[in-house]
1. Looking at the stretch 379-394, I want the residues that are in a helix (DSSP H, G or I) and have a partner that is among the β-branched types (Val, Ile, Thr) with Cβ atoms under 6 Å, at least 6 apart or on another chain. Which pairs are those?
2. For the stretch 19-58, which positions are basic (Lys, Arg) and either surrounded by 19 or more Cβ atoms within 10 Å (Cβ to Cβ) or within 25 Å of Ala805 (Cβ to Cβ) (or both)?
3. Would you mind telling me which numbered condition in (1) touching a Phe, Trp or Tyr at 6+ places or on another chain (Cβ under 9 Å); (2) open to solvent by 10 Å² or more (accessible area, probe 1.4 Å) Asp693 fails?
4. Looking at the stretch 502-530 only, could you name the residues that are open to solvent by 40 Å² or more (accessible area, probe 1.4 Å) and not small (Gly, Ala, Ser)?
5. Just name the residue that is surrounded by the fewest Cβ atoms within 10 Å (Cβ to Cβ) out of those in the stretch 281-314 that are more than 19 Å from the chain's Cα centre (by Cα) and outside any strand (DSSP E or B).
6. Look at Val522 and say whether it is touching a residue at least 24 places away in the same chain (Cβ under 8 Å) and under 24 Å from the mean Cα position of the chain (by Cα).
7. Within the stretch 745-767, which residues are in a loop (DSSP other than H, G, I, E, B), hydrophobic (A, V, I, L, M, F, W, C) and open to solvent by less than 20 Å² (accessible area, probe 1.4 Å)?
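The values are calculated or read from the model by the stated rules, or taken from the named source; none is laboratory data. What you see is a predicted model, and the numbers here were worked out from it, not measured in a lab. Positions of Cβ are backbone-derived with ideal geometry, glycine not excepted, and every protein chain shown enters the neighbour counts. Please note that ligands, DNA and RNA were not included when accessible areas were found on the heavy atoms of the full protein model with its side chains. Shrake-Rupley method; radii C 1.70, N 1.55, O 1.52, S 1.80 Å.
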Amino acid sequence: MRWIKRTLAASGVLLLLLATALLVYRERVLPQTSGVIELKASSPVTGYTPGAEIRIERDADGIPTIRAQSLADTCFGLGVVHAQDRLWQLETHRRIGAGRLAEAFGPGALPTDRFLRSLGVRRMAQAQWEHLPESSRLLLRAYAAGVNSVIHDQLRARPPEFLILGLQPEDWDPVDSLAWAIMMAWDLGGNWNSELLRLRLALKLPVARINELMPPAPGEHSVARADYAALYRGLGLGEPARLTAWAGLVDSAPPSGIEGEGSNNWVLAGSRTTTGHPLLANDPHLKLSTPALWYFARLEAPGFSVAGASLPGLPGIVLGQNAHVAWGFTNTGPDVQDLYLEQVDPARPGRYRTPDGWADFETATEVIKVRGQPDVTMTVRRSRHGPVISDAGPGGGGDLVGAPGKPGYVLALRWTALDPDVDPIAPDLAMLKSASVAGFFAATRGWVAPMQNMVVADDAGHIGLIAPGRVPLRKAENDLGGEAPAPGWDARYDWDGWIPTDATPRLVDPPGGAIATANQRVTPAGYPYYLTNEWALPYRHERIVQLLAAKPRHSLDDLAAIQADQVSLAARKLLPWLLEARSPHPLAAAAQAELNGFDGTMAADKAAPLVYWAWQRQLARGLFEPKVGPQLWERGLASRSFQDALEGVLERNDPYWCEASKARAREACMDQVDAAFTRALDELQQGWGSDPDRWRWGRAHPMRAEHRPFSHVAALAPWFELRAPVGGDTFTVNAARVNLVPDATTGELFLDEHGPSLRALYDLGDRRNSRVVDSSGQRGIVLSPLYRNLLPSWLRVQGVPLWPAAAPEQVLVLRPPH
């Protein structure tokens, strides 16, 4: 018995020591947010020291107000609060931009590093730094100095992620900010992926069928006049070795242009509001993460006052409000990426074919450190069009030579965001300083990428929309139009300048007093320039317009109710076929009973949305997988909803896709509808039990705010990531993208990882009413109550004050050296 008592006593002492250590660690890892910090002299990385005292006043929600005597000093203060609250997030942003993930996370991250090194993000950020004006460099240096002051002088304990992974935070370099700006543009541009997918489909399907599977947006048409399927067969691209090599590119690349990754914004003139002043709403739909992508802050300096959402890694405010103007963004989605097939000289593989003969690739050697394994050395290349992204493919090299004696090809990417003259800082600063809609429009002139639909309102009562950005002009003789990879040696496929800056879409004070965008087509009839034919389907925009038209005047709470709307107009398009579905499955009658009265409202507490999406997924698979093959389906197509393609097939009773003769096409399509219903019920029964009355959309479709990298570690995920049941779907205003492939870590179907990364409502009559919220909290330290404090408000589609509503809870003074 004595040894048991001793063991229990020792265990108790050990637990007490562990609890004490945890309490001490928690106290030390949380940042100092009150009192005075005596700053040290500038670091050699940035050479910047604040010119005067900086005050950081935090409210109860952890949102800081940074008061300084210059704009540069506010950027220093923003760097400080970003590093205090989001140091691990900054670490991941820096590693992504530099292609240094495998160094921290191991060989599983090596394919992504290879792609990022091939893309050359960090190298192009360095080139952009060398082209920046000193005014932009100053703000970047000030921001980096603020981050580094925390790392060197304020950090009492490393955040948990650093401890668990055995990492030390490194200095932030101003170029790291530019690299992260490029990665944000990458996240919002996915045309390269569509081009590569069309190439792969062209080796299995005729172009006409590809256009049915990937149809242009409503009101648009395919701009590719050439038979690119015949072109690629003629080049010998159909050989299995080539297909395998290029298929891996999409898997290794950071996600971009994901369906459902869009945004909503709308603005009402005073004639349409209960206040008589403009109101503006915005909710960008991006990858949900823990901590959230955004960080709320207020910046105050003489003659300068702005509040809103910042991006850790960048100085300034991206979305927000100043003393006179408020603004919100949605993604325009223009075609600013083209893939080129570069033909490699078989006699001298260091050269490639151009319109003027053979030219040498630009080359660089990259060394990738891999945790627990030897370094990996790779050679990356650039052609006259841009980086050779196929160098990232399996085995490296990127040359798809095929049979002896045949030409080899590599894939190069032309993309506006990689241009060396891009300056993301100057236009953002000009927008933050603007005092009117007209002034905001003028401020956007230097904006390059990503092109955004910016709605704006001012306190004089004006509203507007402008979509600034650098968009290429393509030659009249370009018969591929940027829809599919083009022969790089043919000059007709080269870009031919840019859409004039003052000719991008814009609108001021429309007669109806309302402007709304949701990634749908924003160009008017007769617009003379081509932006894209891959606009998002118009369902979110149509629903917003419906709800705005339902009342003559709206309050801020009315706008919040619109943001919360969960009616899927897309589901209403396909629902008639589901309601006619018949199945011998024993649960068929009960499942149809759940669909009685279903109007497309994707409520979390109902079974009908789950039945609908399980059926929709199986219908797409049943129609399209037999034509494209299981490998291409699983590795390129299964994540897409094919909403527009399904509508077309069913409305046409298409005999090709339904695999029937024209005489019985309708019956065959209904056979497909019925078979999909049966397969869906099998899947639902296996996953959710045999009582459809107990199925719930919210349980099957939770939001997951991913933590990098611990969402992929089963033991750590429950501690670091955030989850909650949600309604909505890919096409609702309250967007909650439906993941149609099993999650790689948990195997879950229908997981929601893309949705409103923030919600904002702005009152131009009284900015004290403006409110914001994101999907996690301000602080990225899991032991802090601010780690998840905003999630409940986000789930209820509520918000917290954007501007200070009370005296600050905490005040920190940063005092520069004398």
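1. Close Cβ pairs satisfying both conditions: Ser390/Val410; Asp391/Val380.
2. Step one: list which residues in the stretch 19-58 are basic (Lys, Arg), which gives 26, 28, 40, 55, 58.
If the condition is that a residue be basic (Lys, Arg) and either surrounded by 19 or more Cβ atoms within 10 Å (Cβ to Cβ) or within 25 Å of Ala805 (Cβ to Cβ) (or both), then Arg55, Arg58 are the ones that fit.
3. Just one mismatch for Asp693, condition (1).
4. Taking the stretch 502-530 first, the residues open to solvent by 40 Å² or more (accessible area, probe 1.4 Å) are 502, 506-509, 511-512, 521, 524-530.
Result: Asp502, Arg506, Leu507, Val508, Asp509, Pro511, Arg521, Pro524, Tyr527, Pro528, Tyr529, Tyr530.
5. My answer is Gly303.
6. Numbers: touching a residue at least 24 places away in the same chain (Cβ under 8 Å): yes; under 24 Å from the mean Cα position of the chain (by Cα): yes.
So Val522 passes the test.
7. To start, the set of residues in the stretch 745-767 that are in a loop (DSSP other than H, G, I, E, B) comprises 745-751, 753, 757, 764-766.
If we keep only those that are hydrophobic (A, V, I, L, M, F, W, C) as well, we get 749-751, 764.
Scanning the stretch 745-767 gives Phe750, Leu751, Leu764.
Results for (1) open to solvent by less than 10 Å² (accessible area, probe 1.4 Å); (2) not in a helix (DSSP H, G or I), shown as yes or no for each residue.
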{"position": "Ala60", "(1), (2)": "no, yes"}
{"position": "Thr74", "(1), (2)": "yes, no"}
{"position": "Arg117", "(1), (2)": "no, no"}
{"position": "Ser136", "(1), (2)": "yes, no"}
